[in-house]
Amino acid sequence: MNFFGKLIIALLIIGGTLFSLTAFQKLDNQEEQAIQEVTEETTNEDSPNSWTSKTRTPDPSQNNCLICHTGIKPIRDPHSGMMQQIYETAEETGFQNNDCIVCHGGDPLAIDKEKAHDGTINYFTQNDGPKNFYPDPGSPWINENSCGQCHDEQVS
């Protein structure tokens, strides 16, 4: 291959590299813009998903259920939308770190096993949520008061 052939190949390689760099630069700018839009949406109090604007991280050492039920982990990633909604509901009930009661019911203030696994808190007697203690809140016989409080499609 002569000098001019090598020069043309070198120019094509350089041109292709510059084109690729420009394309990646545009992609990076688009990604930054998308991240900015999502950030603005999740911090906007008027957003229908405004609960995502505050990431809740309950203190497991303050969850009274875990005194006996040691080693229990959240049913989903603690940062997931579902767990964040459960944490928010627990806050609304007045039992901020006792997120177990949102699906299972029970009495988080009871020390005795039988009392802890009997009934539910006053909040849930007047609002959506478990109407008693449910060891298996996914059961189709009671899921309108557990999963169904957030997931209408789960109600049988």
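Where a number appears in this text, it was derived from the coordinates with a stated rule and is not lab data. All values reported here derive from a predicted model rather than from experimental measurement. Neighbour counts are summed over all protein chains in view; Cβ atoms, including those assigned to glycine, are modelled from backbone coordinates with ideal geometry.
Evaluate the distance, in nm, between pseudo-label points positioned 7 Å from the Cα of C150 and of L7 along their respective Cα→Cβ axes.
6.8
Return, ordered by residue number, the residues of the range 65-95 whose backbone nitrogen is under 14 Å from a label point located 7 Å along Cα→Cβ of T57.
The answer is 78-80, whose backbone nitrogens lie closer than 14 Å to the label point.
Please arrange D77, D118 by how many other C-beta atoms lie within 10 Å of their C-beta, fewest to most. If you can, show how the numbers build up before the last one.
Numbers: D77 10, D118 14.
The order, fewest Cβ neighbours first, is D77, D118.
Mind listing the phi-derived Karplus ³J(HN,Hα) values for the range 113-123, rounded to whole Hz, using 6.51, -1.76 and 1.60 with θ = phi - 60°, and x for any glycine or proline?
Once θ is set to phi - 60°, the couplings for the range 113-123 become 4, 5, 6, 5, 9, 9, x, 8, 7, 4, 3 Hz.
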